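Before any comments, here is the structure.
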Amino acid sequence: MSLMRRAWAIRRHALLMGEVQGQGYIGQALGVADILAVSYFHAMNFRADNSEWEQRDRFYLSIGHYAIGLYAALIEAGILPEDEIATYGMDDSRMPMSGMAAYTPGMEITGGSLGHGLGIAVGAALGLKRKKNTAIIYNLLSDGELGEGSTWEAVMSATQWQLDNLIAIVDFNNQQADGPSRSALAQGNELPKWEAFGWFAQEVDGNDLDALMVAFDAARHHPEPCPRVIICNTKMCCGISFLEAREKTHFIRVEPDEWAKALLEHEEKKPL
Amino acid sequence: MSIPPHSRRKSKYEPRSHAGGMDSVRTSAMIASLDAEGRETIDAPFGHTLVDLAKTRDDILGLSADLSKYTDLHIFAQAYPDRFYQMGMAEALLMSAAAGLAREGFVPFATTYAVFAARRAYDFIAMAIAEENLPVKIACALPGLTTGYGPSHQATEDLAIMRAMPNMTVVDPCDAIDVAGATRAMMNHEGPAYMRLLRGKVPKVLDVYDYDFVLGRAKLLCEGKDLLIISSGIMTMRALDAAKFLAKEGVGIAVLHSPTIKPLDQETIIREVQKNGRLVVVAENHSITGGLGDAVAKTLLTHDVFVPLRQIGLPDEFLDAGALPTLHDQYGITVERVVGQLRHWLEG
Ligand SMILES: [Mg+2]
C-alpha cells in the first residue's frame, strides 16, 4: 500500500474519531498524518501483534492531545483494532482524549504534561544502548513544547551522550493553545538552534511525503554519533480545505453536519 | 499611571562589624554537627550499600544532577563508572531520563537535594515516574533542617509534597543503619520510592536496638509508661536521647520509630497509641504541615482513636540561615529542647 494511501487512511480514522466526540484535536491529527505515515510505514520496525516486542522502534508521543492522531496510526498499523474507533474518548475506552501509556497498546509514554517526552526519550535511548539494542527512539513533540525549559535540558543531554539512536520530530504548525507559536517563545529559526546544540538537524515540509521519507532516511543513516531532529513545517487540518481555512485550529468545534462534509471531501481525495 | 514602590524586605539583622566572638558557631560547621559528639559514625552508607547491591544486580544504575559527591553517589560512580550517569544541573531531565531507563528495564537511583527533587522536579516525578509506577529510586540529601544555607537548601516540606503523590513510597531514615536498610528495601520494592538521604559521616544509633529497616513498618525501639513519641528521621535519634535523659528522672518515654512515611504503618501506630493513656507526641525533622504529624493525626482520627496529640517539628515558615546547632536549638529540635518540651507537656 502506498504511503499516500496510508496517510489518507490515518486521516480517515482520525476524522471518524473526531466525529465520535464532535470536537477535539482533529487539526493536529490531520497535520501530522503524513509524519505518522512515514514513521510507521517507512521508517519504523514494529510488530502489529506484539506492541511490546523488544526490538521495536519506540514512538514517544509527548503531546498527549495528539493521541487522536497516533490512535489513527496505530489502527492503520494493526496495533489497535479499527472497531474501537467508536469508543474514542468514551468511558472505559482504551483511547482516552489525552494519550497515556497505561491505556493503549502502542502508546509508549504518558504525554500531556508538555516538555516531558524528550527527557524520557534520552533515558530510553541510553537504556537501549546499555542493552546493545539497535532500536530507535522517535519522539514527536510540538513547537509549543519548545517553550518548555525541560525540552532544552534534554536537547543538551542527548548531545552529551551522543544519542544517535534518538530522532526528534518537531511538529512546527505555528499553533499553540493561545495562538501562533511564533508570537510566543518560538522565536528565530529552529534549525540553527538545534545545530548549535550539536544535533543533526533537517527542516522539511511536514506534509510532503517524499520530503519526509528523504529526511527520515537521512536521520536514520547519518554517520555522526549525534542525536537527530527533523523540524516539520505542517499545516493544521491539512487535507480538509474548509477546516484548513479556519483561524482557530488548536481545539476545534466541528458542527455535526460538517463531519459528513469533511469525510466526503476526504473520500474524494482517496488515492488509488 | 503611578505604581507604588515595592516595600522591600528589610534585613532582620543590624549591620555589624565583627563576628560574635569565640563562641559564635560558623555555618560552615554544618554537616558534621547532626549528632552528639563522640557518637560512632559510618561513612557514606547509601553509596556503599548501593555498590554492594550492584555486585549482584546488573540493572542498578546511578544518576545525579551535578550532586553525586554531595549525595554519596560518587562512591557508586567510582566503583561502576559505566553505570553512572552525570545528567548535569538539570533536575527535570534527571527524573525524565531515569523514567526512560526504567522503561527499558533498569532500576535507576537518582540523586539530588531534596529541595530540587520535591520542588523543581515534581511534575516530572509525578508524570514520568509515579503515574506509570516505574521503579525509579530517588535519594535526596539535605532533608528538613540539615543545612544552614536557608530556604533554598532546606527541604522542610518535601515529605508533604512527596506523600501527596500517588504510587510514591516515602522514607525518612534515622541513621546509617536505617539508610543502608532503606536503600536495600527501596531496590526490592517494585514501584517508585523517595528516600531522605543522610550523607557523609552518618551517625550509627539503631544498631543497639535489635532493629532492621522494614518498608512500611514502624518499630517500637524503647518502652515507657508516661509518653509515646512517634518519630522519623533524625528526630528518632533525638527522641532516643531524650528518653535516656528523662529515664534518669524516672520518666518513661516510649519511642516508636516510623521511617516509612508512606505507606504509614497504621496498625502499629494505633496499637501503640492505644496501649495506655500516654500522651502522644509526633516528632519530625519537617514542617508541622503535611508530614508525619499530619499523617499520624489523620490515622488516629479516622480510626476513632481520640487521644491528646502534640507535635514537635519545624514551623510552617521559611527558616533562617546560620549554623546548624544554633538553628536546631532555635527551632526546638535539639535533645535539650525536646526534653524541655516533653517536660512541659508532662507537667501541664
Ligand atoms: Mg503547535
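Of all the residues in segment A:101-152, those that are at the interface with another protein chain (Cβ under 7 Å from one of its Cβ atoms) and under 11 Å from A:Ile63 (Cβ atoms) number 2.
Conditions tested, residue by residue: (1) within 16 Å of the ligand (Cβ to nearest atom); (2) more than 14 Å from chain B (Cβ to nearest Cβ); (3) out of contact with any helix residue (DSSP H, G or I) (no Cβ under 7 Å at 6 or more places or on another chain).
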| position | (1), (2), (3) |
| --- | --- |
| A:Arg11 | no, yes, no |
| A:Leu15 | no, yes, no |
| A:Val32 | yes, yes, no |
| A:Ser39 | no, yes, yes |
| A:Met44 | no, yes, yes |
| A:Leu61 | yes, no, no |
| A:Ile68 | yes, yes, no |
| A:Glu82 | no, yes, no |
| A:Ala86 | no, yes, no |
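Annotation: A:Gln187 fulfils all but one of (1) more than 14 Å from chain B (Cβ to nearest Cβ); (2) free of Cβ contacts under 8 Å to residues at least 24 places away in the same chain; (3) more than 16 Å from the ligand (Cβ to nearest atom); (4) under 23 Å from A:Leu114 (Cα atoms); the unmet one is (3).
Looking at segment A:245-257, is at least one residue in a helix (DSSP H, G or I), aliphatic (A, V, I, L, M) and under 22 Å from A:Ala9 (Cα atoms)?
At the first step, the residues of segment A:245-257 found to be in a helix (DSSP H, G or I) are A:256-257.
Then keep just the ones that are aliphatic (A, V, I, L, M); that gives none.
Within segment A:245-257, not a single residue is in a helix (DSSP H, G or I), aliphatic (A, V, I, L, M) and under 22 Å from A:Ala9 (Cα atoms).
Here B:Gly88 meets the list (1) at the interface with chain A (Cβ under 8 Å from one of its Cβ atoms); (2) assigned to a helix (DSSP H, G or I); (3) not hydroxyl-bearing (Ser, Thr, Tyr) almost entirely, failing just condition (2).
Being over 16 Å from B:Leu159 (Cα atoms) and not basic (Lys, Arg) is the requirement here; does B:Leu292 meet it?
Working: over 16 Å from B:Leu159 (Cα atoms): no; not basic (Lys, Arg): yes.
No.
Per this entry, A:Leu118 is counted among residues that are away from the ligand (no atom under 13 Å from the Cβ) and either outside any helix (DSSP H, G or I) or within 16 Å of the chain's Cα centre (by Cα) (or both).
Residue-wise test of (1) crowded, with 19+ Cβ neighbours inside 10 Å; (2) modelled with pLDDT under 95; (3) within 16 Å of the ligand (Cβ to nearest atom).
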position: A:Ala201; (1), (2), (3): yes, no, no
position: A:Asn207; (1), (2), (3): yes, no, yes
position: A:Asp210; (1), (2), (3): no, no, no
position: A:Val214; (1), (2), (3): no, no, no
position: A:Ala218; (1), (2), (3): no, no, no
position: A:Glu224; (1), (2), (3): no, no, no
position: A:Arg228; (1), (2), (3): yes, no, no
position: A:Cys232; (1), (2), (3): yes, no, yes
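If only residues of segment A:158-168 that are outside any strand (DSSP E or B) and either touching a Cys at 6+ places or on another chain (Cβ under 9 Å) or more than 11 Å from every other protein chain (Cβ to nearest Cβ) (or both) are counted, the one that is nearest to the ligand (Cβ to nearest atom) is A:Ala158. Of the numbered criteria (1) within 14 Å of chain B (Cβ to nearest Cβ); (2) open to solvent by 60 Å² or more (accessible area, probe 1.4 Å); (3) away from the ligand (no atom under 16 Å from the Cβ), the one A:Ala196 fails is (1). B:Asn276 falls short on exactly one of the conditions (1) in contact with a helix residue (DSSP H, G or I) (Cβ under 8 Å, 6 or more places away or on another chain); (2) surrounded by fewer than 17 Cβ atoms within 10 Å (Cβ to Cβ), and that condition is (1). Within segment A:17-30, the set of residues being open to solvent by 10 Å² or more (accessible area, probe 1.4 Å) and either in a helix (DSSP H, G or I) or more than 16 Å from the ligand (Cβ to nearest atom) (or both) comprises A:Glu19, A:Val20, A:Gln21, A:Gly22, A:Gln23. Within segment B:284-303, is even one residue aliphatic (A, V, I, L, M) and in a strand (DSSP E or B)? There is no residue in segment B:284-303 that is aliphatic (A, V, I, L, M) and in a strand (DSSP E or B). Of the residues B:Glu91, B:Glu104, the single one that is open to solvent by less than 20 Å² (accessible area, probe 1.4 Å), among the acidic types (Asp, Glu) and closer than 20 Å to A:Gly149 by Cα is B:Glu91.
Considering each of A:Gly123, A:Gly78, A:Gly112 in turn, give the residue that is under 18 Å from A:Ser150 (Cβ atoms) and either within 16 Å of the ligand (Cβ to nearest atom) or surrounded by fewer than 17 Cβ atoms within 10 Å (Cβ to Cβ) (or both).
On the way: A:Gly123 fails: either within 16 Å of the ligand (Cβ to nearest atom) or surrounded by fewer than 17 Cβ atoms within 10 Å (Cβ to Cβ) (or both); A:Gly78 fails: under 18 Å from A:Ser150 (Cβ atoms).
None of the others qualify; the one that does is A:Gly112.
Residues in segment A:126-146 that are part of a loop (DSSP other than H, G, I, E, B), surrounded by fewer than 24 Cβ atoms within 10 Å (Cβ to Cβ) and not hydrophobic (A, V, I, L, M, F, W, C): A:Lys131, A:Lys132, A:Asn133, A:Thr134. For segment B:50-85, how many residues are in a loop (DSSP other than H, G, I, E, B), open to solvent by 10 Å² or more (accessible area, probe 1.4 Å) and of a type in the set (Val, Ile, Thr)? Selection size over segment B:50-85: 1.
Flag: A:Glu247 matches the condition of being without any contact (Cβ under 8 Å) to a residue 12 or more places away in the chain, over 21 Å from A:Val38 (Cβ atoms) and within 16 Å of the ligand (Cβ to nearest atom).
Note on segment B:93-128: residues that are facing another protein chain (nearest Cβ under 9 Å) and part of a helix (DSSP H, G or I) total 16. A:Leu141 passes every criterion in (1) over 19 Å from B:Glu132 (Cβ atoms); (2) within 16 Å of the ligand (Cβ to nearest atom) apart from (1).
Among the residues making up segment B:175-197, those that are open to solvent by 10 Å² or more (accessible area, probe 1.4 Å) and of a type outside the set (A, V, I, L, M, F, W, C) are B:Gly181, B:Arg184, B:Asn188, B:His189, B:Glu190. Would you check if A:Asp171 is more than 16 Å from the ligand (Cβ to nearest atom) and either over 15 Å from the mean Cα position of the chain (by Cα) or not in a helix (DSSP H, G or I) (or both)? Judged against the criteria, A:Asp171 is not a match.
The values are calculated or read from the model by the stated rules, or taken from the named source; none is laboratory data. Since we're looking at a predicted model, the values are computed, not measured. Because the Cβ atoms are built from the backbone with ideal geometry, glycine has one as well, and the counts that use them run over all protein chains shown. Keep in mind that these areas ignore ligands, DNA and RNA; they rest on the heavy atoms of the full protein, side chains included. Shrake-Rupley method; radii C 1.70, N 1.55, O 1.52, S 1.80 Å.
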